[in-house]
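Okay, structure first, notes after.
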Amino acid sequence: MLSIFTNPAPDTLAEITAVARAYYRQSRQYQLTATDFFDWLELLPPATRAELGRQGFAVASHQLDFLRHCLELRGHSMRTYMMEHLSLAGYEQWVKQHQFNGELPDSLVFS
């Protein structure tokens, strides 16, 4: 999964995953709309835009990138959230790993 990166310690990975899941879970409080979807599509490279446009709003509404876009539009910065909720070591690892989402799948299941 992170073969090109230095693998974080299992406890740090678990911490990052838990905090990332909590961040994305905030999207439950909002009604995500087709307008959000089309605004997000405009920001994507053409090939990605075309593919996600074919898949549609229903599929995209579970994509982590889309959820982050919607949360950030509503004033919920992921960087700030992670900084406030991770340990120093966890935050440093999160930044070092290019803000990865721990072991969360591309399609997030809120369990």
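The values are calculated or read from the model by the stated rules, or taken from the named source; none is laboratory data. Owing to the predicted nature of the structure, the values given are computational and were not obtained by experimental measurement. We place every Cβ from the backbone using ideal geometry, glycine too, and count neighbours over all the protein chains shown. Side chains are part of the model used for accessible areas, which takes the heavy atoms of the whole protein and leaves out ligands, DNA and RNA. Shrake-Rupley method; radii C 1.70, N 1.55, O 1.52, S 1.80 Å.
One table, with the values for the structure above:
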| quantity | calculated |
| --- | --- |
| Residues (in a helix (DSSP H, G or I), among the polar types (S, T, N, Q) and open to solvent by 40 Å² or more (accessible area, probe 1.4 Å)) located in the stretch 67-94 | THR80 |
| Test set (1) closer than 27 Å to ILE16 by Cα; (2) assigned to a helix (DSSP H, G or I) - ASP39 fails condition number | (1) |
| Every residue from the stretch 25-37 that is surrounded by 13 or more Cβ atoms within 10 Å (Cβ to Cβ) and free of Cβ contacts under 8 Å to residues at least 40 places away in the same chain | LEU32, ASP36, PHE37 |
| Subset of the stretch 6-24 [part of a helix (DSSP H, G or I) and crowded, with 17+ Cβ neighbours inside 10 Å] | THR12, LEU13, GLU15, ILE16, VAL19, ALA20, ARG21, TYR23, TYR24 |
| Candidate set from the stretch 46-60 (those that are surrounded by 11 or more Cβ atoms within 10 Å (Cβ to Cβ) and of a type in the set (A, V, I, L, M, F, W, C)); member that is farthest from ALA34 (Cα to Cα) | ALA50 |
| Among (1) at pLDDT below 95; (2) loosely packed, with under 11 Cβ neighbours inside 10 Å - the single one GLN63 does not satisfy | (2) |
